[in-house]
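Trainee: Dropping a structure here in structure tokens format, bear with me for questions.
The values are calculated or read from the model by the stated rules, or taken from the named source; none is laboratory data. Please read all numbers here as calculations on a predicted model, not as lab measurements. Glycine gets a Cβ as well: all are built from the backbone with ideal geometry, and neighbour counts include every protein chain shown.
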Amino acid sequence: MADIKREIRTLGQRLSGLTAGNKYTFVLKRPNVRVDVVNAERAIELSSTQVSAIRKLLADLEQARDDAMRGSVDSAKGTLSAARAVAKDIVKAVSDAKEFALRATEDAKDAHADVKDAYSAAKDGAEHAVGVAENLMTGLGDVVKAVAALVIEAETSAPPATAPSTATGSPPSAQ
């Protein structure tokens, strides 16, 4: 009786040429483990995009502040309302990025031992990117409130708009 070692490439592989009476040991090759950190990549991409959007939004808020300081209240109001709409979109996108970061955390928990470090690094990167975006969002809320208060102050201190005059230049007639 011979001890024979045979290598199997895949599960379900058909074997032929086996002889009765021989002792066989079948060895399944180690699987090729692939790192798939798509969730972490999406979280980082969304967070990075939102950080850029926050930078642009801050420039718009600065423009609104400047308009309010110059007395152009209508322009400042329009810029502020557009900034609030963009801020809502940013909050939603950061929330989506947070979801992807949570999925990356789950991926890291379930990762194969050979690639656990790669998944953990991707998870950490996603969490940090989302954290930066969330911190900026917290500060952005305070900036929007401050600019809104400045616009309201400029509006209340602005001289009242003059109504169009109906007089033609002659004094009213007394009858």
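Trainee: So, in the range 22-37, of the ones that are in contact with a helix residue (DSSP H, G or I) (Cβ under 9 Å, 6 or more places away or on another chain) and among the basic types (Lys, Arg), which residue ends up nearest to VAL115 (Cα to Cα)?
Mentor: Checked the range 22-37; the qualifying residue nearest to VAL115 (Cα to Cα) is ARG34.
Trainee: Any idea which of ALA40, ALA76 is among the aliphatic types (A, V, I, L, M), closer than 27 Å to TYR119 by Cβ, in contact (Cβ under 8 Å) with a residue 40 or more places away in the chain and buried (at least 16 other Cβ atoms within 10 Å of the Cβ)?
Mentor: Going through ALA40, ALA76 in turn, the sole match is ALA40.
Trainee: Give me a count of the residues in the range 108-122 that are assigned to a helix (DSSP H, G or I) and either of a type in the set (Phe, Trp, Tyr) or touching a residue at least 60 places away in the same chain (Cβ under 8 Å) (or both).
Mentor: Summing the residues that are assigned to a helix (DSSP H, G or I) and either of a type in the set (Phe, Trp, Tyr) or touching a residue at least 60 places away in the same chain (Cβ under 8 Å) (or both) in the range 108-122 gives 5.
Residue-by-condition table, conditions (1) part of a helix (DSSP H, G or I); (2) closer than 22 Å to VAL147 by Cα; (3) over 32 Å from the mean Cα position of the chain (by Cα):
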site: ARG30; (1), (2), (3): no, no, yes
site: VAL33; (1), (2), (3): no, no, no
site: GLN50; (1), (2), (3): yes, yes, no
site: GLU62; (1), (2), (3): yes, yes, no
site: ARG65; (1), (2), (3): yes, yes, no
site: ALA82; (1), (2), (3): yes, yes, no
site: ALA85; (1), (2), (3): yes, yes, no
site: ASP96; (1), (2), (3): yes, no, no
site: GLU106; (1), (2), (3): yes, no, no
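Trainee: Given the criteria closer than 20 Å to ILE152 by Cβ and free of Cβ contacts under 8 Å to residues at least 24 places away in the same chain, does ALA85 qualify?
Mentor: So ALA85 passes the test.
Trainee: I need every pair where a residue in the range 51-68 that is farther than 13 Å from ARG84 by Cβ has its Cβ under 9 Å from the Cβ of a residue that is loosely packed, with under 15 Cβ neighbours inside 10 Å and among the small types (Gly, Ala, Ser), sequence separation at least 6 or different chains.
Mentor: Hits for this filter: ILE54/GLY139; ARG65/ALA146; ASP67/GLY78.
Trainee: Scan the range 134-150 and tell me whether some residue there is of a type in the set (A, V, I, L, M), more than 24 Å from LEU57 (Cα to Cα) and modelled with pLDDT under 90.
Mentor: no
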